[in-house]
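Novice: Mind looking over this structure? Questions follow.
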Amino acid sequence: MYFSMEHNLDVGLLRAFLTVVETGGVTRAAAVLSVSQAAVSQQVKRLEEVLECRIFERQGRHLVLAPAGERLLAQARRLVAQNDELLATMRTPPFEGEVRLGVPYDIITSIVPAILRGFAKAQPRVRVSLVCEDSRVVREALRQPIDRGGVDLALTTELDCGRHGETLRTDRLVWVGAAGGDAHLKDPLPVSLGAPTCVFRPIAIEALGKARRNWRAVCEVSRLEPVHAVLEAGLAVAPLLRSSVPDRFEILGRDAKLPPLPEFRINLYVPPGLSPAARILAEHVRAAFSGPRKSLHNN
């Protein structure tokens with residue numbers, strides 16, 4: 001569809017209009033805009049021609065807003081502000097450097113890829129280095145200097161949320177096994193518990209103890225590859241966050257006679273004094289959790 005020039009507002013005309021309103025007259029507006037009074041008067045006249053209405057009325061020596069000018073005022077301010085914001089955004093050069101993100105093993109495959117794709121597209125000159133450890137280790141890395149293995153930001157899975165942290169989502173810890181498997185029926189129960197630093201390990205052990213369920217450890221590492229291998233072979237069950245369970249595994253219900261497990265928080269830790277690139281990465285992390293919960297599943 002073809003549009004004539006009359007369908008496009010010149011932001012410069014709106015800026016002149018706003019300056020006249022804010023300074024109280026053409027003379028002062030001309031001084032602020034560093035142009036002649038005639039130029040400001042011409043811009044106001046041109047704006048009235050485009051809008052096909054009078055926006056100022058003269059009362060003695062003073063200009064006052066006409067009814068149409070009063071209607072225009074708020075929208076003109078918004079359009080000029082959006083124009084200035086757009087220019088500032090587009091003229092800002094892409095950030096460079098490196099951001100270190102700490103992520104626990106239990107959510108890295110289900111959440112992080114989408115975050116990294118979006119951030120890399122928005123900030124192609126920024127390198128993201130992942131530090132993948134258990135949540136407890138990741139939080140400790142926040143206190144370490146970057147050159148000694150520290151991280152700028154940290155995602156964690158925890159029962160609570162600490163200082164400089166914000167909870168992005170809650171997710172229940174569930175028992176998981178092979179589809180159609182029978183590991184949950186065995187006595188003692190074969191369990192993949194994670195490393196000693198895994199936050200799920202003491203929770204699962206306590207729940208089994210309260211249920212008086214005998215168990216034996218089959219896999220005691222936190223990396224997901226061996227955990228998934230044990231599950232897929234039907235050799236054990238494991239406690240995992242519901243949103244991180246791959247479709248090929250089965251979430252075991254009450255009929256499995258396993259004790260219920262609590263909800264965990266997925267937290268983002270954003271300490272003060274971050275670089276602009278790290279702050280932008282934090283926004284990408286938040287955005288990844290703002291959509292439907294199903295977006296976190298590992299397909």
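Novice: Which residue pairs have Cβ atoms closer than 7 Å, lie 6 or more positions apart in sequence or on different chains, and pair a first residue in region 174-185 that is farther than 23 Å from Ile203 by Cα and not assigned by TED's automatic domain parsing to the domain that holds Leu261 with a second residue that is crowded, with 19+ Cβ neighbours inside 10 Å and among the polar types (S, T, N, Q)?
Specialist: Pairs found: none.
Novice: Let me ask something else. Scan region 89-108 for residues that are of a type outside the set (A, V, I, L, M) and modelled with pLDDT under 85 and jot them down.
Specialist: Matches in region 89-108: Thr89, Arg91, Thr92, Pro93, Pro94, Phe95, Glu96.
Novice: Further question on the same structure: What is the residue count in region 120-159 for residues that are acidic (Asp, Glu) and either in contact with a strand residue (DSSP E or B) (Cβ under 8 Å, 6 or more places away or on another chain) or assigned to a loop (DSSP other than H, G, I, E, B) (or both)?
Specialist: 4
Novice: To continue, here is another question. Looking at (1) in contact with a Gly (Cβ under 9 Å, 6 or more places away or on another chain); (2) in a strand (DSSP E or B), which one does Leu101 not meet, given that it meets all the others?
Specialist: Of the numbered conditions (1) in contact with a Gly (Cβ under 9 Å, 6 or more places away or on another chain); (2) in a strand (DSSP E or B), the odd one out for Leu101 is (1).
Novice: I've got another one for you. Against the conditions (1) within 29 Å of Pro246 (Cα to Cα); (2) not in a helix (DSSP H, G or I), where does Leu116 fall short? Just the number, please.
Specialist: (2) is the only condition that Leu116 fails.
Novice: Related question: For region 213-237, which residues satisfy the criterion of being hydrophobic (A, V, I, L, M, F, W, C), loosely packed, with under 15 Cβ neighbours inside 10 Å and not in a loop (DSSP other than H, G, I, E, B)?
Specialist: If the condition is that a residue be hydrophobic (A, V, I, L, M, F, W, C), loosely packed, with under 15 Cβ neighbours inside 10 Å and not in a loop (DSSP other than H, G, I, E, B), then Ala217, Ala229 are the ones that fit.
Novice: How about region 268-281: which of its residues are more than 9 Å from Asp152 (Cβ to Cβ) and outside any loop (DSSP other than H, G, I, E, B)?
Specialist: Leu268, Tyr269, Pro276, Arg279, Ile280
Novice: Only one residue in Thr167, Thr156 is β-branched (Val, Ile, Thr), assigned by TED's automatic domain parsing to the domain that holds Ser275, surrounded by fewer than 16 Cβ atoms within 10 Å (Cβ to Cβ) and touching a residue at least 24 places away in the same chain (Cβ under 8 Å). Which one?
Specialist: It is Thr167.
Rundown of residues vs (1) surrounded by 18 or more Cβ atoms within 10 Å (Cβ to Cβ); (2) under 25 Å from Val138 (Cα atoms); (3) among the charged types (D, E, K, R), yes/no style:
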position: His184; (1), (2), (3): yes, no, no
position: Cys198; (1), (2), (3): yes, yes, no
position: Ala211; (1), (2), (3): no, no, no
position: Pro239; (1), (2), (3): yes, yes, no
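The values are calculated or read from the model by the stated rules, or taken from the named source; none is laboratory data. Please read all numbers here as calculations on a predicted model, not as lab measurements. Virtual Cβ from ideal backbone geometry, glycine too; neighbours counted across all protein chains shown.
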